[in-house]
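Written out below as structure tokens is the structure these notes cover.
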Amino acid sequence: MTKFVLIQAVGFLGTIVFFLSYQCRDNKKLFQMQFASYLFYTTHLLLLGAITGGVSYVLNTVRSFCLGSRVAFLRSQWMCGLICCLQLLTLYATWANWWSTLPVVANIAATIGGYTHNPRKIRMVGLTVNSPLWIIYDVAVGSWAGIFDELATSISVLISIWRYGWKNLDRVEN
């Protein structure tokens, strides 16, 4: 019981940091906060034995590092394609059952959304694709922190839309 609680606590730390990430107005800070959150989630999922989700979060960490970088290549469409291919390779290498596809599809959608560099598209993908697929996966692997995270993330996205206005989020940041 204590091990389970500790594993969930690691995930909940990731939840807190991720929730705060959407309160950052500029994308660079958002991705830096998400980078830290993904480190907690990678650890959490691997400790649960959810290998596909854990490895996918490693790639999310890389994605957030790239998107938060000032290096043009790391923010380019080429890098987007590379990360999406690595997600597919992760699925192939860690296949356990049908729900192994969920985090990979969610992360490919979030990667493509992130590489638009458009805050409104990033939030829309999070609400409509990423969070719903991750919730199903989290239920399947027993990640209470993950379920809570996706619900909290959706609420945080809605708060950011309310704070900044939907139209104000429709711009591309360089």
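At R0 = 25 Å, how high is the FRET efficiency between Leu82 and Ala36 if r is their beta carbon distance? Nearest 0.05 is fine. Efficiency, rounded to the nearest 0.05: 0.65.
Could you work out how much longer the chain between His117 and Leu151 gets when fully extended? Use 0.36 nm per residue separation minus the Cα distance between them, nm to one decimal.
On the way: separation 34, 0.36 × 34 = 12.24 nm, distance 2.34 nm.
Going from the current span to full extension adds 9.9 nm.
List residues of segment 56-75, by number, whose backbone nitrogen lies under 18 Å from a label position 7 Å along Cα→C-beta of Tyr164. So the set is 64-70.
Leaving out ligands and nucleic acids, and using a 1.4 Å probe, what accessible area per residue does the chain come to in Å²?
49 Å²
Modelled this way, with points 7 Å down the Cα-to-C-beta line, the labels at Val139 and Leu47 are 2.5 nm from one another. Between Phe4 and Leu74, the contour length at 0.36 nm per residue exceeds the alpha carbon distance by 21.5 nm.
Ordered from highest to lowest accessible area with the whole protein assembly present and a 1.4 Å probe, Met79, Met124, Met33 read as Met124, Met33, Met79. Calculated [222 nm] ellipticity per residue, helices only, for the chain: -25000 deg cm²/dmol; basis is -39500 (n - 2.57) per DSSP H run with n ≥ 4, divided by all residues, nearest 500. For Lys28, list the lysines whose Cα falls under 25 Å from its own Cα; do not include residues on the same chain fewer than 8 positions away. Partners within reach: Lys121, Lys167.
Computed over segment 6-136, the Cα gyration tensor eigenvalues convert (square root of 5λ each) into semi-axes of 21, 18, 13 Å, ordered from largest to smallest. Taking all protein chains as they are arranged and a probe of 1.4 Å, the heavy atoms of Asp26 leave approximately 50 Å² accessible to solvent.
For segment 74-144, the ratio of Cα radius of gyration to the globular rule of thumb 2.2 N^0.38 Å stands at 1.14.
For segment 1-46, a Kirkwood radius taken over Cα pairs fed into Stokes-Einstein (25 °C, viscosity 0.890 mPa s) yields D = 228 µm²/s. Return the single residue from Leu82, Leu30, Leu39 with maximal mean-square fluctuation; model: Gaussian network over the chain, springs between Cα atoms under 10 Å. Top of the fluctuation ranking is Leu82.
With all protein chains in place and a 1.4 Å probe, the accessible surface of the chain carries 74 percent carbon and sulfur.
The values are calculated or read from the model by the stated rules, or taken from the named source; none is laboratory data. These numbers were taken from a predicted model, which means no experiment stands behind them. Cβ: placed from backbone, ideal geometry, glycine included. Neighbour counts: every protein chain shown. These accessible areas exclude ligands, DNA and RNA; they are computed on the full protein's heavy atoms, side chains included. Shrake-Rupley method; radii C 1.70, N 1.55, O 1.52, S 1.80 Å.
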